[in-house]
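The next block holds one structure in the form of structure tokens; read it before the comments.
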Amino acid sequence: MFSKNARQLSSYIPKSRLEGKIAVVTASTDGIGLAIAKRLAQEGAKVVISSRKQANVDKALSKLAADGLRNSIVGTVCHVNKAEDRKRIFDEAKKLGGLDILVSNAGTNPEVGPLLECSENAWDKTFETNLKAAFMLAKEALPLLRERGGGRIMFISSIAAFAPVSLLGVYSVTKTALLGLTKVAAQDLAPENITVNCVAPGIINTKFSSMLTQEGPIQEEAMRNIPMNRFGEVDEVAGVVTFLASDDSKYITGETIVVSGGMQSHL
Ligand code: NAP
């Protein structure tokens, strides 16, 4: 049961916690977003996947079809910074019948270096994608969630929100701000049966984290901070997001769950 192999977790997936639910997941053609979309669909939801490139959307749709999820997933292009693209994902959700679950997952880190050497351009770009787009998506999702009498909003932050990673300065600042967005929005929306929660992954094996996970001195230094002595897998984040999307978490709002193998976050 308590296997050391994280990849075996998929054998414990409940099949119908999200039956009848409709979800939008941004940045979901690779990495954590793709794993979230897959897991939501495996648990019964219909899911709109998206990312900036049509070719990546097509590739992800084929992968998910090969996993037996062809009838549960639709896909479209959405660069989260573009209003017309965000409208398109919600239009896709409407075609499926509405919206119950929003997972705002896109994140960027265009410049690596100390915070106070960050260029204005990189500062703006990081805030635009990591924070403003998350806010806009939540705001634009609201009318649809209200039509369904409630729903779930989830933001993907990072362990860097709590324990700033040297050289990821502005990225850390935006990820900390997402915790604030979660708290404030959760207070406002709780009376409407809309929960707002956040997931903060540690270092998870994806393209995004390859700078830290490739063999070498940086990897060794990163590993020293992980009590479980391994990087996380995308499925381990997807499982937590799916719990927050399900009725099992219906009395939780305004919280951030850290998925980090024991990396320090808060008391
Ligand atoms: P990833 O493996 O690099 O996947 C990135 C996905 O996002 C791709 O589908 C990409 O497709 C899409 N994308 C990138 N920019 C986008 C944009 N502006 N609009 C829409 N789609 C976009 O990244 P990941 O590691 O899964 O990261 C996902 C989230 O987890 C991010 O918010 C990241 O900050 C957070 N996170 C990751 C880690 C980690 O260790 N991996 C740790 C903590 C937090 P296209 O190229 O087609 O757009």
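Of the conditions (1) open to solvent by 60 Å² or more (accessible area, probe 1.4 Å); (2) modelled with pLDDT under 95; (3) among the small types (Gly, Ala, Ser), ALA55 satisfies every one except a single condition; which number is it?
Condition not satisfied by ALA55: (2).
Quick one: in segment 127-183, of everything that is in contact with a Lys or Arg (Cβ under 6 Å, 6 or more places away or on another chain) and polar (S, T, N, Q), which residue is nearest to GLY20 (Cα to Cα)?
Checking each candidate, the answer is SER157.
For TRP123, work out the one condition from (1) of a type in the set (A, V, I, L, M, F, W, C); (2) open to solvent by less than 50 Å² (accessible area, probe 1.4 Å); (3) in a helix (DSSP H, G or I) it doesn't fulfil.
(2)
Scan segment 151-167 residue by residue and report those that are of a type outside the set (Val, Ile, Thr) and surrounded by fewer than 21 Cβ atoms within 10 Å (Cβ to Cβ).
PHE162, ALA163, PRO164, SER166, LEU167
Filter segment 29-54 for residues that are within 6 Å of the ligand (Cβ to nearest atom) and among the polar types (S, T, N, Q) and give the result.
Matches in segment 29-54: THR29, SER51.
Those residues that are away from the ligand (no atom under 16 Å from the Cβ), open to solvent by less than 50 Å² (accessible area, probe 1.4 Å) and of a type in the set (S, T, N, Q), I need them from segment 186-204; list them, please.
Hit for segment 186-204 is THR195, nothing else.
Anything in segment 126-150 that is crowded, with 19+ Cβ neighbours inside 10 Å and within 16 Å of the ligand (Cβ to nearest atom)? List them, or say none.
THR126, THR129, ASN130, LEU131, ALA133, ALA134, LEU137, ALA138, ALA141, listed by residue number.
Within segment 33-46, track down each residue that is touching a residue at least 40 places away in the same chain (Cβ under 8 Å) and open to solvent by 30 Å² or more (accessible area, probe 1.4 Å).
Selection gives LYS38, ARG39, LYS46.
Applying the selection to segment 210-241, what residues are within 14 Å of the ligand (Cβ to nearest atom), surrounded by fewer than 17 Cβ atoms within 10 Å (Cβ to Cβ) and within 24 Å of ASP30 (Cα to Cα)?
Residues satisfying the conditions are SER210, MET211, GLN214, ILE218, GLN219, MET223, ARG230.
Of all residues being in a loop (DSSP other than H, G, I, E, B) and of a type in the set (Val, Ile, Thr) in segment 103-120, which is modelled with the highest pLDDT? Just the residue, please.
That would be THR108.
Out of segment 66-90, which residues are in a helix (DSSP H, G or I) and either within 16 Å of the ligand (Cβ to nearest atom) or open to solvent by less than 20 Å² (accessible area, probe 1.4 Å) (or both)?
ALA83, GLU84, ASP85, ARG86, LYS87, ARG88, ILE89, PHE90
Residues of segment 213-266 being of a type in the set (Gly, Ala, Ser), assigned to a loop (DSSP other than H, G, I, E, B) and in contact (Cβ under 8 Å) with a residue 24 or more places away in the chain, which ones?
Listed by number, the residues that qualify are SER246, GLY254, SER260, GLY261, GLY262, SER265.
Could you tell me which of the residues LYS250, LYS207, LYS175, LYS183 is open to solvent by 50 Å² or more (accessible area, probe 1.4 Å), within 11 Å of the ligand (Cβ to nearest atom) and modelled with pLDDT of 95 or more? Break it down into steps so the answer makes sense when it comes.
Numbers: LYS250 fails: within 11 Å of the ligand (Cβ to nearest atom); LYS175 fails: open to solvent by 50 Å² or more (accessible area, probe 1.4 Å); LYS183 fails: within 11 Å of the ligand (Cβ to nearest atom).
Selected residue: LYS207, the only one of LYS250, LYS207, LYS175, LYS183 that is open to solvent by 50 Å² or more (accessible area, probe 1.4 Å), within 11 Å of the ligand (Cβ to nearest atom) and modelled with pLDDT of 95 or more.
The values are calculated or read from the model by the stated rules, or taken from the named source; none is laboratory data. Remember, it's a predicted structure, so these values are computed and weren't measured experimentally. Quick reminder, even Gly has a Cβ in these numbers, built from the backbone with ideal geometry, and neighbours come from all protein chains shown. Heavy atoms of the whole protein, side chains included, go into the accessibility calculation; ligands, DNA and RNA do not. Shrake-Rupley method; radii C 1.70, N 1.55, O 1.52, S 1.80 Å.
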